[in-house]
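Heads up, the thing below is written out as structure tokens.
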Amino acid sequence: MLTSSFSRTLEEHGFPPLRARLIHTLQVNLGKLCNQTCQHCHVDAGPSRTEIMTRETMDIILGVLRRHPEIATVDLTGGAPEMNPHFDYLVSACRSIGKTVIDRCNLTVFFLKGKTHLPEFLAGHRVEIIASLPCYLEENVDRQRGKGVFSRSLEAVRHLNALGYGKEGGDLALHLVYNPSGPHLPPEQKALEADYRAELFSRFGIRFNRLYTITNMPINRFLDDLHAQGQYEQYLNLLIESFNPHAVENVMCRSLLSVGWDGRLYDCDFNQMLDWPVDRTMPQTIADFDSGGLTTRPVVIGQHCYGCTAGAGSSCNGSLD
Ligand code: SF4
Ligand code: SF4
């Protein structure tokens with residue numbers, strides 16, 4: 001039986017209701033279209049999805065970014081964000097106004113027709129790349145992300161390395177993402193990063209900067225999987241029992257605002273996927289951003305929030321410890 005709720009847990013540990021503190025990062029979902037259909041995708045993305053951000057919405061976002069220098073980073077996600085036909089336009093425009101740009105890239109997108117220019121384009125614009133590689137073993141990656149994904153991902157990383165990505169101390173950052181293959185917490189990030197670095201270099205000669213470990217959120221495809229295996233309660237109890245009060249300070253909704261493909265606003269990507277918009281007293285779309293309050297908004301929380309505070313904590317940029 002599930003006997004806890006996230007708001008009650010916060011209260012029991014002496015935390016006031018969760019609120020944002022600043023907006024340092026605008027995380028922008030460019031659409032649900034993707035060339036892959038990974039087993040644990042929390043976006044339910046795939047090749048048949050039609051939701052895609054328009055150039056008009058991008059222009060509204062660019063207006064907000066120009067007016068708000070405190071928003072330093074634009075974090076582009078999808079689906080495969082590069083499959084949006086206006087991806088290059090948005091990246092160039094964000095860079096020209098001095099924003100740090102992150103591309104959450106699945107690596108295999110580089111091999112699609114019309115997308116082979118991407119590695120050079122991203123390098124030329126000094127875009128930070130965060131790419132999923134849930135294991136350094138082919139069998140495990142292909143099982144989770146699709147047949148042939150591992151070998152194409154390695155080929156893509158080799159190309160990025162040749163362009164200068166992944167060099168220690170360089171200015172082209174390439175970070176990898178690990179998420180568990182089943183209903184358990186990720187291992188300790190630093191130790192796993194050391195294993196990844198040694199294994200990927202000795203087996204395949206490839207380099208990266210940081211490894212981010214991310215906890216699987218009990219939503220969408222992963223939730224369906226948990227229900228299908230009869231493991232939902234067990235997994236949620238694991239997240240609840242692993243609650244780490246130190247992680248609460250840095251959960252990403254404190255410093256990030258998430259924009260949907262249609263311009264609607266959310267506290268984070270997970271709330272976006274659940275279709276839980278920002279608190280109803282707040283502006284609901286990016287077009288209304290300047291009407292105020294979003295920086296210190298109350299955050300809309302649910303049971304899935306335990307995924308951010310379990311163990312070492314989890315965010316789109318890895319553990320929170
Ligand atoms: S590559 Fe990313 S967005 Fe695409 S299906 Fe896999 S997890 Fe989802
Ligand atoms: S799931 Fe979203 S709203 Fe909940 S704690 Fe994590 S970042 Fe915040």
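The values are calculated or read from the model by the stated rules, or taken from the named source; none is laboratory data. Computed from a predicted structure; not experimentally measured. When we count neighbours, we look across all protein chains shown, and the Cβ atoms used for this are built from the backbone with ideal geometry, even at glycine. Accessible surface areas use protein heavy atoms only, side chains included; no ligands, DNA or RNA. Shrake-Rupley method; radii C 1.70, N 1.55, O 1.52, S 1.80 Å.
Listed by first and then second residue, the pairs linking a residue in region 302-321 that is touching a residue at least 40 places away in the same chain (Cβ under 8 Å) to a residue that is part of a loop (DSSP other than H, G, I, E, B) and charged (D, E, K, R), with Cβ atoms under 6 Å apart and 6 or more places separating them unless they lie on different chains, are A312/D321.
The set of residues in region 276-295 that are modelled with pLDDT of 95 or more, open to solvent by 40 Å² or more (accessible area, probe 1.4 Å) and within 18 Å of R67 (Cβ to Cβ) comprises T285, A287, D288, T295. Exactly one residue out of R104, R95 is of a type in the set (K, R) and touching a residue at least 60 places away in the same chain (Cβ under 8 Å): that is R104. For region 120-159, the tally of residues that are of a type in the set (K, R) and at pLDDT below 95 stands at 4.
Select from region 116-148 the residues that are of a type in the set (D, E, K, R) and in contact (Cβ under 8 Å) with a residue 40 or more places away in the chain and write down the one among them that is surrounded by the most Cβ atoms within 10 Å (Cβ to Cβ). In this case the residue turns out to be R145.
The rows are residues; the columns are (1) among the hydroxyl-bearing types (S, T, Y); (2) away from ligand 2 (no atom under 16 Å from the Cβ).
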{"site": "R8", "(1), (2)": "no, no"}
{"site": "L30", "(1), (2)": "no, yes"}
{"site": "Q36", "(1), (2)": "no, yes"}
{"site": "T57", "(1), (2)": "yes, yes"}
{"site": "R66", "(1), (2)": "no, yes"}
{"site": "T73", "(1), (2)": "yes, no"}
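In region 57-110, what count of residues is obtained for those that are within 13 Å of ligand 1 (Cβ to nearest atom) and of a type in the set (A, V, I, L, M, F, W, C)? Summing the residues that are within 13 Å of ligand 1 (Cβ to nearest atom) and of a type in the set (A, V, I, L, M, F, W, C) in region 57-110 gives 7.
Here region 238-275 is the region considered, the condition is being more than 13 Å from ligand 2 (Cβ to nearest atom) and open to solvent by less than 10 Å² (accessible area, probe 1.4 Å), and the residue that is farthest from A45 (Cα to Cα) is G263. Per the conditions (1) within 16 Å of ligand 2 (Cβ to nearest atom); (2) surrounded by fewer than 13 Cβ atoms within 10 Å (Cβ to Cβ); (3) hydroxyl-bearing (S, T, Y), the sole criterion not satisfied by S48 is (1). Restricting attention to region 149-194, which residues are within 20 Å of the chain's Cα centre (by Cα) and open to solvent by 70 Å² or more (accessible area, probe 1.4 Å)? Passing the criteria: S181, H184, E188, K190.
The set of residues from region 297-313 being within 27 Å of P283 (Cα to Cα), more than 6 Å from ligand 2 (Cβ to nearest atom), assigned to a loop (DSSP other than H, G, I, E, B) and open to solvent by 20 Å² or more (accessible area, probe 1.4 Å) comprises just one member, V300.
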